[in-house]
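> Please find one structure pasted underneath; my questions will follow.
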Amino acid sequence: MFQIGNIDIHPINAGVVWMDSGGSFGLVPRALWSQYLQPDDQHRVPMVLTCLLVRAGCKTILVDTGYGDKLPDKLVRLMSMEYPRGTLIDGLARLGVAPEDVDIVIDTHLHGDHCGGNTTFAPDRTPRATFPNAEYMVQRREFEDAMQPNERTRATYLPVNYEPLAASGQLTLLDGDTDILPGISGVVTPGHTPGHQCVLFERGGQRALFVADMASFAVHFERLAWMTAYDVEPLVTLETKRRWRQWALDTGALLIFQHDTQVLAGHFVQDEHGGQRVQPVEAAYA
Ligand SMILES: [Zn+2]
């Protein structure tokens, strides 16, 4: 668990998937990225689906919901989905949280690996909110893009993950940087998608940033030019990262990485050779 002032942040491992390394590293040559991460015999690399359960005052907040349980079996097999610590719901239960207890769900963006768990199928296969009492929040720009997917984004923008929430009145659309609760805000970090947001925690002089897909792995944060092939605006990602890397150096904020199987969290520091790197901190999943 991480503590930022009176805010408790519990990372939950909602599964691990194996994704084509071309997706995770795009233009970066394998000779370089394979120094950090070993691919399997199908040229895939592991990607963990980290969600956050946050307790602040009397509110229970969930940040992102992983792939959820609606994926077709074929896709589950294709990605060799593993559950080393059970599902998101199992992780919440370990923290004493039932789906009904969640007050707010913040979606960093609407790609399937971030909001798939927003909804679940009722016995008659009707999709419904997994967290029946929650207000779900996403950037308006992200929702608009997700409702109008193009040929490239269609495979990951699946309306079943968010349309039922708009229909039930549970979806709140955010217009830009937004204070969600005292010390918790959504900050727009465009590039991966134009409406992508990170979640910033600031309390009592301490800070943490849930980096989400601004930098999927710690090494993507360390290296300005490294980014995934999924980024729809790579040159915007570059500028967004440039700004937040400087912020991370200046503030010493804790960075929480969503998809990195080796570095869950760390601080961005200047090293003795004048380079910059992520200094991992000891951290464990709930
Ligand atoms: Zn992602």
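The values are calculated or read from the model by the stated rules, or taken from the named source; none is laboratory data. Just so we're clear, the structure is a prediction, and the values are computed from it rather than from any experiment. Cβ placement follows ideal geometry from the backbone for every residue including glycine, while neighbour counts extend to all protein chains displayed. Areas reflect the complete protein model, heavy atoms only, side chains present, ligands, DNA and RNA absent. Shrake-Rupley method; radii C 1.70, N 1.55, O 1.52, S 1.80 Å.
> Tabulate in residue order the Karplus-calculated ³J(HN,Hα) for segment 279-285, using 6.51 cos²θ - 1.76 cosθ + 1.60 with θ = phi - 60°, rounded to whole Hz; enter x for Gly and Pro.
8, x, 10, 5, 7, 9, 6
> Let me ask something else. What residues from segment 126-141 fall in the zone where the backbone N is under 17 Å from a label point 7 Å along the Cα-to-C-beta line of Asp69?
Inside the label zone: 126-133.
> Give me the distance in nm between label points sitting 7 Å out from Cα along the Cα-to-Cβ direction at Arg55 and Glu151, one decimal.
5.1 nm
> Run the simple label-point estimate for Glu272 and Val160 please: 7 Å along Cα→C-beta, distance reported in nm.
Output for this residue pair reads 5.5 nm.
> With θ set to phi - 60°, apply the Karplus curve 6.51 cos²θ - 1.76 cosθ + 1.60 along segment 219-225 and write out the HN-Hα couplings as whole Hz, x wherever there is a Gly or Pro.
Couplings: 5, 5, 7, 5, 10, 4, 7 Hz.
> Follow-up question, since we're still on this one. Ignoring ligands, DNA and RNA, how do Val105, Val232 rank by accessible area with a 1.4 Å probe, largest first?
Sorted by accessible area, descending: Val232, Val105.
> Between His196 and residues 5 or more places away or on another chain, which pairs have amide H atoms under 5 Å apart, with H built 1.01 Å from N, and which residues are they?
Those qualifying (amide H under 5 Å, at least 5 residues apart or on another chain) are Thr189, Gly191.
> Given H placed 1.01 Å from N in the peptide plane, which residues other than close sequence neighbours of Met19 have an amide H under 5 Å from its amide H?
The answer is Val45, Met47.
> Right, something else. By average Cβ neighbour count within 10 Å, what is the ranking of 1-9, 189-197 from highest down? List each step's numbers first, then the result.
Values: 1-9: 17.2, 189-197: 24.1.
Packing order, densest peptide first, comes out as 189-197, 1-9.
> Let me ask something else about it. When the label point is put 7 Å from the Cα of Arg125 along its Cα-to-beta-carbon vector, which residues of segment 37-72 have a backbone N closer than 15 Å?
It comes to 70-72, nothing else.
> With a 1.4 Å probe and every protein chain left in place, work out the accessible area per residue of segment 2-204 in Å², rounded to a whole number. It would help to have the intermediate numbers written out before the result.
Values: 8730 Å² over 203 residues.
For segment 2-204, the solvent-accessible area averages 43 Å² per residue.
> Counting only residues 5 or more places away or on other chains, whose amide H sits under 5 Å from the amide H of Val105 once H atoms are built in the peptide plane?
The answer is Leu62, Glu135, Tyr136, Met137.
> Right, next: Straight distance only, please: which aspartates and glutamates reach the Cα of Lys241 with their own Cα at less than 18 Å, same-chain residues fewer than 8 apart left out?
Straight-line reach from Lys241, under 18 Å: Asp177, Asp213, Glu222, Asp231, Glu233, Asp250, Asp260.
> Ordering Glu202, Glu222, Glu100 from largest to smallest accessible area (1.4 angstrom probe), what's the sequence?
Glu100, Glu202, Glu222
> Can you give the FRET efficiency to the nearest 0.05 for Leu181 and Ala283, using r as the Cβ-Cβ distance and R₀ = 25 Å?
The pair Leu181/Ala283 has a calculated efficiency of 0.65.
> Once R0 is set to 35 Å, what does the formula 1/(1 + (r/R0)^6) return for the Cβ-Cβ distance between Tyr83 and Ala225, expressed as a FRET efficiency to the nearest 0.05?
0.55
> Once phi is turned into θ = phi - 60°, what whole-Hz ³J(HN,Hα) does the Karplus curve with 6.51, -1.76 and 1.60 give for every residue of segment 77-93, x standing for Gly and Pro?
Values, residue by residue: 5, 4, 8, 6, 4, 10, 10, x, 10, x, 8, 4, 5, 4, x, 4, 4 Hz.
> Of the accessible area of the chain, with the probe set at 1.4 angstrom, what percent is carbon plus sulfur?
51 percent
> Straight-line reach from Lys59: which lysines fall under 28 Å, measuring Cα to Cα and dropping same-chain residues less than 8 apart?
The qualifying lysines are Lys70.
> For segment 222-286 and segment 184-204, write down the distance between their C-alpha centroids in whole Å.
Their Cα centres are 14 Å away from one another.
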